[in-house]
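The values are calculated or read from the model by the stated rules, or taken from the named source; none is laboratory data. Nothing here was measured: the structure is a model prediction, and the numbers come from that model. Cβ placement follows ideal geometry from the backbone for every residue including glycine, while neighbour counts extend to all protein chains displayed. Protein only, heavy atoms only, side chains kept; ligands, DNA and RNA dropped before computing areas. Shrake-Rupley method; radii C 1.70, N 1.55, O 1.52, S 1.80 Å.
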Amino acid sequence: MTASRAPATPDVRTFETTVERVDGDSITLAETYFYPESGGQPADRGTIAGVDVAHVETVEGDVVHHLAETPTVAAGDTVACAIDPAFRTYCMRAHTASHVLYGAARRCFDGLGYAGFDIGTETVRVDLTTDDPIGEDDLIELERLSNRAVWDALSVSWETMPAAEARSLPDIAFNERTEEGAMADRPESVRVVTIEGWDTAACGGTHVSNTREIGPIEVVDRSNPGEGRTRVEFAVGPTGIEHRATVHRAARAASRAADASVADLPDAVSRLREEADELSAEVASLRAALLSARIADLETVETPATDRDAATATWAVGTIGGDQPGGDGPADDDPLAGVGPNDLQEPVEDAVGAAPDAPDVVAVVGADGAPFVVVATTGEAALGAGEIVDAVTDEFGGGGGGSSTFAQGGGIDGEPAAVAEFLRSEAAALVAPDAER
């Protein structure tokens, strides 16, 4: 079996070796410093005999290199190999940064567990389990402690030891499922990575020799991939630097807009939020009052008496937020433009029978994307609200329904003003179908 020498000697980027086996576009070497995908760390990139390496994996104990095209070499040939230095360096920094962040998490949370890890092309994620949920302030503290460990330039070392000895180490992070590379060579032995005074973990990946080589660690996001788990996503290198600049730029812009220092932004935002809530409540109150006033000013018509209605009934009919009689349509600055049927339910119900001279029926037509009608009655009128809505949808299409005292319809194929005029002109006929129109 041929194991990778990358974890033990991660600084080797070029080497020569003998080809042991060629199978199509796959090559097995006598020795290799390419890192095979394992434990959340991606495979190394690079070339073998000038051909790009597409992927590297461990198959039945041997490291197999899959090339981008079929090689021209054969078993026994000596080949020159080159590992992509930029990507290897990134993976070393990112993998070590995950240990640093886990060490920071040890100092922040009770009941800490390690549930997964993955190095992406731009960000790295670590899955943690904790007794309590991880909040925004916790993320900031994780980032602060991690960068302090980088600044303190802690030494990073690794060694292979008997599994029993490794398990006995205090506070060792040991997850056989996520760190299978730590036990790949000899199941009875474990490779242990130690960050001086900060973190100890079973790990088979490649690492830098000092935390100062990592550079800044920037927490960019968090999510919850499963019950009791928190996924912390962070970045090192250019992505982290750009993210930090973006956040700093946004904070500076917000401080200028709020006329406050960045440090005072939370208080400034809270104050602005309170003011906005107060204004919103005031606007809602004024809008409700305006709706009630508009409803009170609607044109009225009288319907004849029937067996169900011993006296004539007053219908108040008109449009709100739509075309007004004699107008050119709703103005963009009309405070009632865009009023929807749900906005109208309470004011139309309040308008019917509220006073001796109040209408028995209120029918309001509006347009919120498509024309709609809202109807409320006292319950004593000859026609119930649902029947009036049915008459509108029979004439103009759409659908709706409700009770005898309140109903609404939507999807009406007609201009609001035309629907209102239909109700005004046909009110008597609707109440007494046998009357002349």
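Looking at Arg244, Arg252 in this structure, which one is more than 21 Å from the chain's Cα centre (by Cα) and either β-branched (Val, Ile, Thr) or modelled with pLDDT under 95 (or both)? Can you show your working first?
On the way: Arg244 fails: more than 21 Å from the chain's Cα centre (by Cα).
After ruling out the rest, the residue left standing is Arg252.
Looking at segment 395-417 only, could you name the residues that are open to solvent by 30 Å² or more (accessible area, probe 1.4 Å) and part of a loop (DSSP other than H, G, I, E, B)?
Gly398, Ser403, Ser404, Thr405, Gly411, Asp413, Glu415
Matching residues to (1) open to solvent by less than 20 Å² (accessible area, probe 1.4 Å); (2) more than 17 Å from Pro85 (Cβ to Cβ):
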site	(1), (2)
Thr9	no, no
Arg13	no, no
Val22	no, yes
Ile27	yes, yes
Asp44	yes, no
Ala49	no, yes
Val56	yes, no
Glu60	no, yes
His65	yes, yes
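Checking the condition at pLDDT 95 or above, within 42 Å of the chain's Cα centre (by Cα) and more than 30 Å from Val150 (Cβ to Cβ), which residue from Ile48, Ile83 passes?
From the options Ile48, Ile83, the qualifying one is Ile48.
Suppose the filter is touching a residue at least 60 places away in the same chain (Cβ under 8 Å), part of a helix (DSSP H, G or I) and open to solvent by less than 70 Å² (accessible area, probe 1.4 Å); does Ala420 pass it?
yes
List the pairs whose first member sits in segment 206-223 and is within 23 Å of Ser38 (Cα to Cα) and at pLDDT 95 or above, whose second member is of a type in the set (Phe, Trp, Tyr) and open to solvent by 50 Å² or more (accessible area, probe 1.4 Å), and whose Cβ atoms are under 9 Å apart, counting only residues at least 6 apart or on separate chains?
That search, which allows pairs on different chains as well, returns His207/Trp158; Thr211/Trp151.
Go through segment 148-166 and count every residue that is modelled with pLDDT of 95 or more and in contact with a helix residue (DSSP H, G or I) (Cβ under 9 Å, 6 or more places away or on another chain).
The number of residues fulfilling the criteria is 9.
Give the residues of segment 225-249 that are without any contact (Cβ under 8 Å) to a residue 24 or more places away in the chain and either open to solvent by 40 Å² or more (accessible area, probe 1.4 Å) or among the charged types (D, E, K, R) (or both), sorted by residue number.
Glu227, Pro238, Glu242, Thr246, Val247, His248, Arg249
Output the qualifying pairs, or none if there are none: Cβ atoms under 8 angstrom, residues six or more apart or on different chains, first residue in segment 327-346 and modelled with pLDDT under 85, second residue part of a loop (DSSP other than H, G, I, E, B) and surrounded by fewer than 13 Cβ atoms within 10 Å (Cβ to Cβ).
Filtered contacts from segment 327-346: Ala337/Ala331.
Only one of (1) open to solvent by 60 Å² or more (accessible area, probe 1.4 Å); (2) at pLDDT below 85 fails for Leu286. Which number is that?
Here Leu286 meets the rest and fails (2).
Looking for whichever is touching a Gly at 6+ places or on another chain (Cβ under 8 Å), more than 19 Å from Ala427 (Cβ to Cβ) and crowded, with 24+ Cβ neighbours inside 10 Å here; the options are Val339, Val392, Val365, Val373. Which one fits?
Selected residue: Val339, the only one of Val339, Val392, Val365, Val373 that is touching a Gly at 6+ places or on another chain (Cβ under 8 Å), more than 19 Å from Ala427 (Cβ to Cβ) and crowded, with 24+ Cβ neighbours inside 10 Å.
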